[in-house]
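Below is one structure, written out as structure tokens; comments come after it.
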Amino acid sequence: MNVHIKNTVPTVSNIVVFFHRPNIMESMKRLQAYKFQILPSGEQRRDMRRFAGACRFVFNKALAWQNERYAAGKTVKFSYTTLANLLPLWKQDPAISWLKESPSQPLQQTLKDLERAYLNFFAKRADFPRFKKKGHADSFRYPQGYKLDQANSRIFLPKLGWLRYRNSREVLGVVKNVTVSGKQGKWFVSIQTEREIETPAHPSTAIVGIDMGIARFATLSDGSYFAPLNSFKHQEKALVKAQRAMNRKQKFSNNWKKAKANVQLIHARIGNARRDYLHKATATISQNHAMVGIEDLQVRNMSRSASGTTGTPGKNVRAKSGLNKAILDQGWFEFRRQLDYKLAWNGGQLVAVPPRNTSRTCLCCGHVVKENRLSQSRFECVECGFEENADLVGAINVLRAGHARLACADTSPAVGASGQEPTEATQAIAA
């Protein structure tokens, strides 16, 4: 992870801020997941594949049933209770009676997952639920019936028995549920816990604003910045080569399966590298700052395709596609998610501010115009002539906006906030 420290003092005068600590409760609930690789026997592996397949089948069947009701003119409102009552009837169907061999509770949890997907769709947090594919995110969840034996590094799961796992750290708290997932031939167990802890007081009183970007992954208002990792970009050529090799093989042949495993391995490398980078960056920031201001970026809207339709084709489609790849390669949403809970664990606070005009507002005179930002890195006020790095200007403006929200005890982004400010790459496309 490359962290760059700017040695020069910013040309704008220092901002004097006072971090106000709100009334803090004596204790708080901490939800935490512990993930370990499990070491199943051959029979247990076969059972886990069957259970994951059964959960995928139930999810897809429930989604298809819901779509059929909508096509017939009936309500689209999702009802978990209705589908949970249909589950025993499905098990009685001779064609799919093999569902009886799977534990009931993971199948019910799959219906809860579908219910959550519908809620996210209606709340405009996600797209409409999609059918699940075999081999993609295979998993199933136990809400109860498990037993954890940490002393002997093993866990008991209904219809699987005792399984050994690689015990790398102690599991703290009350176990709430256990999720089993498979990836690249390996199986993992994620143990979700809850515990009551004393509300921590952050050891630091420092506050910082962060400007997210592509040329610089994250620029801090103190002048330092995190260089981008670009894990997908570094592996893109190898991934394309592996995908073409897989497409040349006869589907479902042994050689095709080997080629597919190679593609999955590259995807895993990309994801693991990005996840490791984000964890290190968010840990560094959350441990050294009591309050962090960040832009409320709508990543989903920013990374939409510009292809348009047959009647109204889009413009600069290739350039926008490259921008979308670069945006998604950064992992901005995951960065914010990790920063949010890590700050809370350390006694800090994350403040989201509207991103509009953060890198177009002059720090000296407050003049706002798009011509102030001459390029990705250069800011020069057309009114007073103030010059500085554009990302640093954005970070300091985010800090100011965050401090203003904190002073007003409002840490949520404004409802109906105006449009997303273009990133430096968007400006390049528009030019």
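Derivation of every value follows stated rules applied to the coordinates shown; laboratory data play no part. Everything numeric in this text was worked out from a predicted model, so none of it was measured. No Cβ is skipped: glycine too gets one built from the backbone with ideal geometry, and neighbour counts run over all protein chains shown.
A straight chain from residue 261 to residue 123 at 0.36 nm per residue would run longer than the Cα-Cα distance by 46.0 nm.
Once you've got the Cα coordinates, tell me which of 176/260; 91/257; 133/176 are over 30 Å apart. Please list the in-between numbers first.
Working: 176/260 35 Å; 91/257 32 Å; 133/176 27 Å.
Flagged as over cut-off: 176/260; 91/257.
So which of 186/258; 29/159; 233/342; 233/315 end up more than 21 Å apart by C-alpha? Those over the limit are 29/159; 233/342; 233/315.
At full extension, residue 77 and residue 254 could sit 59.4 nm farther apart than now, given 0.36 nm per residue minus the alpha carbon distance.
Mean-square fluctuation check for the chain, GNM, Cα pairs under 10 Å: which of 122, 51, 59 is largest? Per the Cα network of the chain with a 10 Å cutoff, 122 tops the list.
If a spin label sat at a point 7 angstrom from the Cα of residue 280 along the line to its beta carbon, the backbone N atoms of the stretch 205-228 nearer than 18 Å would be those of 216-220, 224-228.
Can you sort 207, 96 from fewest to most other Cβ atoms within 10 Å of each residue's own Cβ?
Numbers: 207 23, 96 14.
Exposure proxy ranking, most exposed first: 96, 207.
Which order results if 297, 278, 374 are arranged by neighbouring Cβ count within 10 Å, fewest first?
Values: 297 19, 278 23, 374 13.
Sorted ascending by nearby Cβ count, the order is 374, 297, 278.
Distance between the modelled labels on residue 300 and residue 234, one decimal in nanometres: 3.1 nm (7 Å Cα→Cβ projection).
I'd like to compare 39-48, 185-194, 243-252, 332-341: which one has the highest average count of other Cβ atoms within 10 Å, and what's the full order after that? Mind showing how you got there, number by number?
On the way: 39-48: 14.9, 185-194: 16.4, 243-252: 11.9, 332-341: 18.4.
Order by mean packing, descending: 332-341, 185-194, 39-48, 243-252.
Rounded to 0.05, the FRET efficiency of the residue 387 and residue 92 pair, given R0 = 60 Å and the Cβ-Cβ distance, is 0.20. Summing Lys and Arg as +1 and Asp and Glu as -1 over all other residues whose Cβ lies under 14 Å from the Cβ of residue 364 gives a net charge of -2.
Residues within the reach of a label modelled at residue 162 (point 7 angstrom out along Cα to beta-carbon, backbone nitrogen below 15 Å), restricted to the stretch 31-68, are 39-41. With the convex hull of the Cα atoms taken as the outline of the stretch 125-179, the averaged projected area works out to 6.1 nm².
First measure r as the distance between the Cβ atoms of residue 32 and residue 84, then evaluate 1/(1 + (r/R0)^6) with R0 = 25 Å and state the FRET efficiency to the nearest 0.05. List each step's numbers first, then the result.
On the way: r = 29 Å, r/R0 = 1.15.
The calculated FRET efficiency here is 0.30.
Comparing 116, 274, 216 in a Gaussian network model of the chain, where Cα atoms under 10 Å apart are tied by springs, the biggest mean-square fluctuation is seen for 116.
Which net charge results for the neighbourhood of residue 244, defined as the other residues with beta-carbon distances under 14 angstrom from its beta-carbon, given Lys and Arg at +1 and Asp and Glu at -1? List each step's numbers first, then the result.
Numbers: positive: 237, 241, 248, 249, 260; negative: 236.
Local net charge: +4.
Of 197, 327, 155, the sequence from fewest to most neighbouring Cβ atoms within 10 angstrom is 197, 327, 155. Here are a few candidate values for log10 I(q)/I(0) by the Debye sum over Cα atoms at q = 0.06, 0.08, 0.13 Å⁻¹: [x] -0.39, -0.70, -1.35; [y] -0.33, -0.59, -1.36; [z] -0.39, -0.65, -1.16. Which one was actually calculated from the structure I just gave you? The listed entry that was calculated here is [y].
Maximal additional length on extending the residue 100-residue 144 stretch stands at 14.0 nm, based on 0.36 nm per residue less the C-alpha distance. Using 20 Å as the cut-off for backbone N distance, which residues of the stretch 329-362 belong to the label zone defined by a point 7 Å from the Cα of residue 172 along Cα→Cβ? Output list for this probe position: 338-349.
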